Amino acid sequence: VFKQLVRGAFNQSKAFVKRSSMVQSLLYDIQNRTMFTDVKWHERMLSDKVRVDTYRDGIAGNVKPGDVVIDLGTGTGLLAFFAARSGARTVYAVDHSDFIDVAKQIGERNGIGNVVFVKTNSRDFAPPEKADVLVHEQIGRALFGENMIENLLDLKRRALKPSGRILPARFDFYVEPMVKKEGYRVPFLWDNDATGIDLSFLKSSTAIDPFKDKTYPYLSIKCLEVDYFLTDPEPVLSLDLDTIQSAADIPTRFEVVRKVARAGMLDGFCVYFRVRFDDTVNFDTSPFSPQTSWDNLELRTERRQYDLGDEIRYSLALEVLHDSNTWSVSVGA
Ligand SMILES: C[S@@+](CC[C@H](N)C(=O)[O-])C[C@H]1O[C@@H](n2cnc3c(N)ncnc32)[C@H](O)[C@@H]1O
């Protein structure tokens, strides 16, 4: 009985920890801080020409001489240095990772003197003055992953002048039904008819249930894996962080009806996004746009044939916005 009580209490506290968003956020920050001490990540991000060029142009076009700027998650200091070169009076470059010591040295070597490096989590950062501009690249694989919304809205509330701007602030989020190229297709086991062995019974069997983890329906995919989209792309969600006050303002459930523009066998849904500084300075991570350092997320579904002019209906639920493992898509009849 005692053992059962202890086990019960343990399971309950484990469930509590899992549910608590504060604990989750803390755990996420620890993982994020460690990840960005790996220099490979910074090498990857700095070699992404689409990303770097768009940020350079976006900052040059929007940061004015004399501006006070905060760079949330400075990494190598890249965006802080772009802002300093655009004439910012002071840039507060904030990062919780030890890598900030390297950024400091890069600033010194390049003779950029007006950047103040602060090693802390943005949520603990108490700025000595309010900022005109908040720059960031807090963009995860599926857009929201790196606690982007929560971190930016927190700093906006505490550290940005009422006339201040977030750069970039506008995002379009796409979830497009796709056909994958031969050789890159990873259907569910019961949907796999390429082996000559009948696996279809697994659809109604529980045999593989213990072997599915919470990421089971999702795949991280590269642009070259996608053959084409069944539909003409349209964002399911567009948001502007300059106008949003709270993460609760962002819808998380969508009923989508789209016309099939190209016939084919649906393999899953491809998640990608567009990042907008303005209408001319922007980039996206569509598999059909120039390669960036972001992979795409595939939300797998059962395979299904669609013909030209058919309607494709799907429900999308983004349970916890920054955790794509909680997202689900289901295709209607
Ligand atoms: C995707 S990297 C971008 C780095 C750099 N801004 C760039 O564009 O190359 C995100 C950076 O934000 C930092 N970061 C993430 N969350 C943070 C937080 N809440 N407070 C401070 N730094 C954070 C990470 O340590 C990482 O260096």
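GNM on the chain, C-alpha springs below 10 Å: top fluctuator among Ala169, Ala103, Ala261?
Ala261
Give me the base-10 log of I(q)/I(0) for segment 110-202 at each q in 0.12, 0.15, 0.22 Å⁻¹, Debye formula, one uniform scatterer per Cα, rounded to two decimals.
-0.61, -0.74, -1.20
Among Ile208, Ile112, Ile149, which one shows the biggest mean-square fluctuation in a GNM of the chain, springs joining Cα atoms closer than 10 Å?
Looking only at Ile208, Ile112, Ile149, the largest GNM fluctuation is found for Ile208.
For the chain, give the share of DSSP beta bridges that are antiparallel, in percent and rounded to the nearest 5; count only bridges with both residues there.
70
Go ahead and estimate [θ] at 222 nm for the chain from helices alone: -39,500 (n - 2.57) per DSSP H run with n ≥ 4, summed, over the residue count, rounded to 500.
Result for the chain: -8000 deg cm²/dmol, rounded to the nearest 500.
Would you order Val94, Val236 from fewest to most other beta-carbon atoms within 10 Å of each residue's own beta-carbon?
Val236, Val94
Quick one: check the C-alpha center-to-center distance for segment 257-301 versus segment 116-174, whole angstrom.
Answer, in whole Å: 24.
Could you name the aspartates and glutamates whose alpha carbon sits less than 15 Å from that of Lys259, not counting residues in the same chain fewer than 8 places away?
Glu176, Asp232, Glu234, Asp307, Asp310, Glu311
Cα centroid distance between segment 192-222 and segment 304-328, in Å?
Going from one Cα centre to the other spans 18 Å.
Within segment 86-153, list the GluC sites (Glu not before Pro) lying in a DSSP loop whose Cβ has at most 16 other Cβ atoms in a 10 Å radius.
Sites meeting the loop and neighbour criteria: Glu129.
What is segment 289-333 by shape, rounded, prolate or oblate, if you read a ≥ b ≥ c off the alpha carbon gyration tensor as root eigenvalues and call it rounded for a/c under 1.5, prolate for a/b larger than b/c, and oblate otherwise?
Oblate, because a/c is 1.5 or more while a/b does not exceed b/c.
Values in this text are rule-based calculations from the coordinates and carry no lab data. Remember, predicted model here, so these are calculated numbers, not experimental data. Methodologically, a virtual Cβ is constructed for each residue, glycine included, from the backbone with ideal geometry; neighbour enumeration extends over all protein chains shown.
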